Structures are given as C-alpha cells and as structure tokens.
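Coordinate-derived values only; no laboratory data. Source: prediction; values computed, not measured. In this analysis, Cβ positions are derived from the backbone assuming ideal geometry, glycine residues included, and neighbour counts consider all displayed protein chains.
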Amino acid sequence: MENIQFVSFKRKSKFINPLKNFQEDVHLLEYRQDPLMSTMSILGYNLADKAKMLFGDTDHDLIEQVAQESKPHCFMCPKKVNMTTPKYSSDILPQERVTVGEAILFPNLFPLSEFHAVCALTHTHYLNLRDFSPEILANGIQACLKFVKSAFNANSSAKYMTINCNYLFPAGASVIHPHMQVLGGDVPYTYLKNMFEGSLQYFEKNQSNFWNDLISVEKKAKERYIGKTGEIEWIATFSPLGNNEVQGIIGEKSNFLGLSHSEAKALGEGISKILKFYEEEGYSTFNFVIYSGPMGETTDWFWSNIRIISRANVYKNYRTDDYFLQKLLGTEIVLTPPEKLADKLKAKF
Ligand SMILES: [Zn+2]
C-alpha cells in the first residue's frame, strides 16, 4: 500500500490585485500528480469562488425548449428506433440489436472504432440527472456488456472495449436522448494504453495490484473514500481528469467478460447516486467511461473501473470547460478539492 505515492507540489502566484485596492495578493496552487500515470491536475484554492462564472447556471427553460424541438426528429425515441437505426449482421450479433428493459443497442452510423454501438437508455426523450434511476443505468450497462461479449466472440482480437456516456451538448452529446456508447477494437485508445502500462509496471515492481492497493490506501486515509455499492468501491480521485470526478473500482474483475448483472446493478446504483448529487449541486451534464482490461487475457494487474465527471452547464452561449490546458497541455483544473467532494458525497452512499 505504501507503494502508492500521492505526489503534489504547492506553489504561490503573486500579483497586485485591483479587487483588493491594489494590494499584493497571493494565490495558493497545488499541482497533483496521478499516482499511476503522472498526469497532472491543478487545484486552485481561490478558484472555488470562480466556479459559478466558469460553469454558469443551468438554463432549465433552454433544456426544455431543446428537448421539445428535437423530440419529433429523434431516432432514439420509441416509435423511430426500430424503424430507422442500423442493425448488426448475425455474425456479430445474432439478435441484430440488444434490448434490456427500455434500453436498446444498435450500431453507430458513423463509427469511430471497429465496434461502435449506441445504446438508447429509455423511452423518455429527456431525463433530469435525478431521473437516471439505478435500473435505467443498469439496463443500459447490461445491454452494452451483452454486445461486448458478442463482439468479442465474433472477433477475439477486439479485446480493448469501453462503455461511455456523454450527456447533453456541453458534454459532447449530439443527441439529447439519454444514451451510452460502446467503443473498441484491437487497438487501445491513448488513455487506456497509458492506464494498462502504468498498472502493469506497478504490478511488476511491487508484486501487487494497483487498484486493490488504491482501495486499501484510500479506505485507510478516509480523506477521499466515498463508499460502496455491491463490489464497487467509490473514491474521489486524487488527481482528477475533470470536475467533480468520482472513480469506481470493480473489485476482482479485470475485464468486461467477468461482469454480469450484479456488477451492472452496482454500477447503476453508484452512478445514479452521483448524478443526483450533481443535480443538487446545480450541474446538468456529465461524461463517464467504464474501462476494461484486455479481454481474453490473464490480467492480475488490472481491475475494471469507471470515471465520472460533471461538465459545463447548459445555458445559452455556454463556455466550454475544455480549453488549451486540457486539450493541448493535458492538465486539468480542479475547482472542488477531491477531499471536499468525498466529504459531501459520503452522505449519499
Ligand atoms: Zn428521443
């Protein structure tokens, strides 16, 4: 456990501040390094007050208007989804599309990987974050897992799969209807590759699993540990990739082939609690990714996990929360300290 190092660097930034009568002002900054991949986040202790300005207030009337305008043309709504969406051929998916409860999974018309499926989650065209019930989320994840297993059966080299979600346009969604996406093939995406390399190096160096050690060290420290749903442990990430980031680690399950209904249910419960919390905090959009180790391999060095973040709120002329710092310098700004986030979220678990 002591093998995990939480490295941070504290620095000061000094200037003459017109908002304080042109007196000298000093802002405290903390650079935090991810213990696995060395990616960096900057925590600005003076930035919490700026959160409202950076993320804006959710314009619920605007969401309602966009929902109403887009509904008649939505291909994910119940009347159209069976008539207008693509299907898989029987060599990939014998049943052509996957259905679990209200969730229905079909191919993306514009794939970004060998396997790229879209899963419409509900018959309802728009959901508030509080309305993403554990069941809705679990059904969607279950449908994605069924597809992943089928795709892997069809092509065993497609071992790098991810389950992903964008909700609402500031988070990258082109369609308002709640949906998830499965992406993957035989080439791992950048972040997946880095996570695998870090996990494997850690395992070889320490003869232990990073993810298991991370749970132990965070549970012991109590600063960022949030709680448990089923076999999933939830933690506020020490060095986040996004705002209000929570990480869920799926104990003992290295990849999607080992996940079943109980893990889908536990994921659904955890995500639902986090989304309710985001709404209470005034957020309206989010992203998550569920990461799997390579399928069909023995991978004692990896446990599947999820990262979920809130994104910029919906309002007219909203400002993106992803700019040069994130896109080109690969560094995230942290407005809510992870310790404070964990403290608030603990009560919800
Ligand atoms: Zn719809």
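Numbers at a glance
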| item | result |
| --- | --- |
| Gain in span if fully extended, Asp91 to Tyr323, counting 0.36 nm per residue against the direct Cα distance | 79.3 nm |
| Net charge contributed by nearby residues that have their C-beta within less than 12 Å of Leu121 (K/R +1, D/E -1) | -3 |
| Separation of the Glu297 and Asn153 label points, Cα + 7 Å toward Cβ, nm | 2.4 nm |
| Net charge of Cβ neighbours under 15 Å - reference Gln68; Lys, Arg +1; Asp, Glu -1 | -3 |
| Magnitude of the charge dipole, the chain, Cβ model with Lys/Arg +1 and Asp/Glu -1, debye to 20 | 340 debye |
| Per-residue HN-Hα couplings for the range 333-347 [Karplus 6.51, -1.76, 1.60; θ = phi - 60°; Hz; x = Gly/Pro] | 9, 10, 8, 9, x, x, 5, 5, 4, 4, 4, 6, 6, 3, 5 |
| Residue exposure sequence - Met195, Met161 - by fewest surrounding Cβ within 10 Å | Met195, Met161 |
| For the range 134-185 versus the range 87-116, the gap between their alpha-carbon centres in whole angstrom | 10 Å |
| Surrounding net charge for Lys87, when Lys and Arg each add one and Asp and Glu each subtract one, Cβ distance under 13 Å | -1 |
| Reachable lysines, given that their alpha-carbon falls under 16 Å from the alpha-carbon of Lys71 and they are not under 8 places away in the same chain | Lys79, Lys80 |
| Exposed-site-free run, longest, the chain (rule: trypsin sites (Lys or Arg not before Pro); DSSP loop; at most 16 other C-beta within 10 Å) | 88-221 |
| Any cysteine of the chain lacking a neighbouring Cys Cβ under 4.7 Å - listed by number | Cys119, Cys144, Cys165 |
| Pairwise label distance in nanometres, Glu197 with Glu280, each label 7 Å out on the Cα-Cβ vector | 4.0 nm |
| Per-residue [θ]222 nm for the chain (sum of -39500 (n - 2.57) over DSSP H runs n ≥ 4, rounded to 500) | -9500 deg cm²/dmol |
| Among Ser284, Ala236, Leu145 the positive-end extreme of the charge dipole of the chain (Cβ point charges) | Ser284 |
| Where Rh is the Kirkwood radius over Cα pairs, Rg/Rh for the chain | 0.98 |
